[in-house]
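Visitor: Dropping the structure in here first, questions after.
The values are calculated or read from the model by the stated rules, or taken from the named source; none is laboratory data. Owing to the predicted nature of the structure, the values given are computational and were not obtained by experimental measurement. Cβ sites come from the backbone with ideal geometry, for glycine too, and all protein chains shown count toward neighbours. Please note that ligands, DNA and RNA were not included when accessible areas were found on the heavy atoms of the full protein model with its side chains. Shrake-Rupley method; radii C 1.70, N 1.55, O 1.52, S 1.80 Å.
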Amino acid sequence: MSINLTTDCSACVGLCCKAFQFEPGPDFAIHKPAGHGCPNLGSDFTCTIHADRVDQGFSGCLVFDCQGAGQRIVNEVYSDFDWTQNIPVKSDIIDAFRVLREVHRLYELIDVSAALPLNADQTSERTALLNALGHHPVSETWLAGFEQGPLPKRVAQYLQSLKSLLPRP
């Protein structure tokens, strides 16, 4: 199974607009606490200032990409959560979103390593890691244990093994 890393905002509820804290500065015009919806998030979960977000001080929205984690959290992990209620997003949902986004980032790094001249052991480990990250039910429990589990360390070791294959600057 491969993971679809394409963000589909139409299949989400603006989770990125709810989960993260904003601080006034070059990226965001306002302070917004984590777990609370952005004031520019409409009741239909679309951005009410999308076309003018840079001019209105929300350029940070342009650089963020959840790599499909938002729609998976909303539609797979917390499909029974009533997203239509205008209540703060629970910290466990925010944590799950953050972890799944990291899982997707690691998956992408491993996936693109196919372009390198991998040896047989690296090719085998690449396949095993893609399967380990992609062949699991995405659940609250799996995400809660991911960071302390063996996969992040295995991924780090695999990526470290590729260092010598990268072009030197």
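Visitor: Quick check: at a probe of 1.4 Å, how many percent of the accessible area of the range 28-100 sits on carbon and sulfur atoms?
Guide: Carbon plus sulfur share of accessible area: 51 percent.
Visitor: Given (1) 27, 17, 15; (2) 33, 20, 13; (3) 38, 25, 15, which label gives semi-axes √(5λ) of the Cα gyration tensor in Å as computed from the coordinates?
Guide: Only one option fits the structure, namely (2).
Visitor: Pulled fully out, how much extra length does the chain show between Phe81 and Asp27, if you take 0.36 nm times their separation in residues and subtract their Cα-Cα distance?
Guide: So the chain would gain 16.4 nm between Phe81 and Asp27.
Visitor: Moving to a separate point now. About the Cα centre of the chain, what is the dipole size in debye to 20, counting +1 per Lys and Arg Cβ and -1 per Asp and Glu Cβ, all else neutral?
Guide: It comes to approximately 500 debye.
Visitor: Treating each Cα of the range 72-128 as an identical point scatterer and ignoring solvent, apply the Debye formula and state log10 I(q)/I(0) at q = 0.28 Å⁻¹.
Guide: Results for the range 72-128 at q = 0.28 Å⁻¹ read -1.11.
Visitor: Give the residue from Leu5, Gln56, Ser43 lying farthest towards the positive end of the charge dipole for the chain; charges sit on Cβ (+1 for Lys and Arg, -1 for Asp and Glu) and the dipole is referred to the Cα centre.
Guide: Checked the options; the winner is Leu5.
Visitor: Per DSSP helix of 4 or more residues, -39500 (n - 2.57); summed, then divided by the residues of the chain. What does that give at 222 nm, rounded to the nearest 500?
Guide: Computed mean residue ellipticity for the chain: -11500 deg cm²/dmol.
Visitor: Here's another thing I want to ask about it. Give me the count of lysine pairs in the chain whose alpha carbons sit under 25 angstrom apart, restricted to pairs 8 or more positions apart or on different chains.
Guide: 4
Visitor: Over the chain, with the other protein chains present, what is the accessible area per residue in square angstrom, probe 1.4 angstrom?
Guide: 57
Visitor: Under a GNM of the chain (C-alpha, springs under 10 Å), which listed residue has the highest mean-square fluctuation: Phe20, Phe81, Phe146?
Guide: Sorting by GNM fluctuation, first place goes to Phe81.
Visitor: Let me ask something additional. Could you work out how far the C-alpha centroid of the range 94-151 sits from that of the range 40-60, in angstrom?
Guide: About 32 Å separates the Cα centre of the range 94-151 from the one of the range 40-60.
Visitor: What is the spin-label model distance, in nm, from Ala11 to Gln122 if the labels are put 7 Å beyond Cα along the C-beta direction?
Guide: 3.2
Visitor: Could you point to the residue in Ile30, Thr123, Ser161 farthest towards the positive end of the chain's charge dipole, with +1 and -1 charges on the Cβ of Lys/Arg and Asp/Glu respectively?
Guide: Looking along the dipole axis, the top candidate is Ser161.
Visitor: Related question: For the chain, return all DSSP H helices satisfying: extent of Cα atoms along own axis at least 24 Å; mean Kyte-Doolittle hydropathy at least 0.0.
Guide: Within the chain the helices that satisfy the rule are 91-112.
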